[in-house]
Ligand SMILES: [Mn+2]
């Protein structure tokens, strides 16, 4: 299994790894060094342009080789100029810049051997009634993605939807709109990245969103985490929606998902190394429980459409796990 996570998590509790070293002096390389100490982590994901502002792609590449880590992909982080939108921005210069930065990110992803470039349009949305011509804005997103995907037909480009935050409404905020968007763009190299918290925020049941994406052959990435639904909490895997996480991982197995398992968590008050190890351990626990229980038995439960049968999964999980102090 390929496990990846976000670099910025590794800024938490600096004293645990960096000692007295001045926080301001810490670089991308320091955070990667810390990530390399996570047991079981195989990949890292970097943000573009954020993580390449003071470092060259070549330097990052050779450092990762030294640390025996691979790059899962590059995530676009549209900051500063993009308060009023990215691909749907009314200022054509800013819109062109967003398209250009996406293309640069894809090229960086290629140079680093990453599998996928992930696009999250943080600001393409609205806050007020009468603030936006919806159809015009939507069409601008379609047009931008057509330009990008046709320029890089051999690259995996994935769309990560989020219903709101920082905008009150995102233009593309749920699985249905994303799948319609991908149909409208019509590029075979484009897919969807399912972020667990984002799905909860828009009141989706994550496994259903996964099934809809897989049915359209658009499943490209996972951002696993957990939360209390209204906010992008980025909590540890399975900590709130235990059964929904188990169901999500079951469907990943059912559709033979072999992509990256990326943890998009925000350990703000936890040691990030231990937090990441816990997520990896938990994913493997869910995965191996399903194998032990038997995928055919799970399928029988689903086909029975019986809630009491479904609860047998929860009951079996509690019976099968042995509590140990250190693992
Ligand atoms: Mn995410």
(message) Suppose only helical runs count, i.e. DSSP H with n ≥ 4. What mean residue ellipticity at 222 nm does that imply for the chain under -39500 (n - 2.57) per run, divided by all residues and rounded to the nearest 500 deg cm²/dmol?
(response) -14000 deg cm²/dmol
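Let me check against my output: what whole-number percent is the relative contact order of region 77-149, with C-alpha pairs under 8 Å and at least 6 apart?
After rounding, I find 40 percent.
Mind sorting 199, 1, 13 by how few other Cβ atoms lie within 10 Å of their own Cβ, fewest first? Walk me through the numbers on the way to the answer.
On the way: 199 27, 1 11, 13 17.
The most exposed by this proxy come first: 1, 13, 199.
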(request) Please work out the Cα center distance from region 220-247 to region 199-219, rounded to the nearest Å. (result) 13
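Any idea what diffusion coefficient the chain gets from Stokes-Einstein, in µm²/s, Kirkwood Rh on alpha carbon pairs, 10 °C, 1.306 mPa s?
Values: Rh = 20.7 Å.
My calculation gives 77 µm²/s for D.
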(request) Return the distance in nm (one decimal) between the two label points of a simple spin-label model at residue 274 and residue 203, each offset 7 Å from Cα along Cα→Cβ. (result) 3.8
(request) For the chain, set up a Gaussian network in which alpha carbons nearer than 10 Å are linked by springs, and say which option among 25, 316, 92 fluctuates the most. (result) 25
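Arrange the following residues from fewest to most other Cβ atoms within 10 Å of their Cβ: 102, 83.
Details: 102 25, 83 13.
Listing 102, 83 from fewest to most nearby Cβ atoms yields 83, 102.
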(request) Take the alpha-carbon centre of region 249-300, take the same for region 57-132, and report the distance between them in whole Å. (result) 27
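What is the antiparallel percent of DSSP beta bridges lying wholly in the chain, to the nearest 5? Please report the intermediate quantities before stating the final value.
Working: 3 of 33 bridges.
DSSP beta bridges in the chain are roughly 10 percent antiparallel.
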(message) Cut-off is 10 Å between beta-carbons; in what order do 99, 141 appear when sorted fewest neighbours first?
(response) 99, 141
(message) Only Cα pairs within less than 10 Å get springs; with that Gaussian network setup on the chain, which residue of 107, 309, 115 has the largest fluctuation?
(response) 309
(request) Considering Cα pairs under 8 angstrom that are at least six residues apart, work out the relative contact order of region 3-293 and quote it in whole percent. (result) 18
(request) Under a 10 Å cutoff between Cα atoms, tell me which one of 196, 130, 242 has the largest fluctuation in the Gaussian network model of the chain. (result) 130
(message) Can you give me the distance in nm between label points at residue 96 and residue 308, each placed 7 Å from the Cα along the Cα-to-Cβ direction?
(response) 6.8
(message) Restricting to Cα pairs below 8 Å that are 6+ residues apart, what does the relative contact order work out to for region 219-327? Please round to a whole percent.
(response) 25
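Since every read-out is calculated from the coordinates, none of them should be taken as a lab result. Treat the numbers as computed from the prediction; the structure is a model and nothing was measured. Note: ideal-geometry Cβ built from the backbone for every residue, glycine included; neighbour counts use all protein chains shown.
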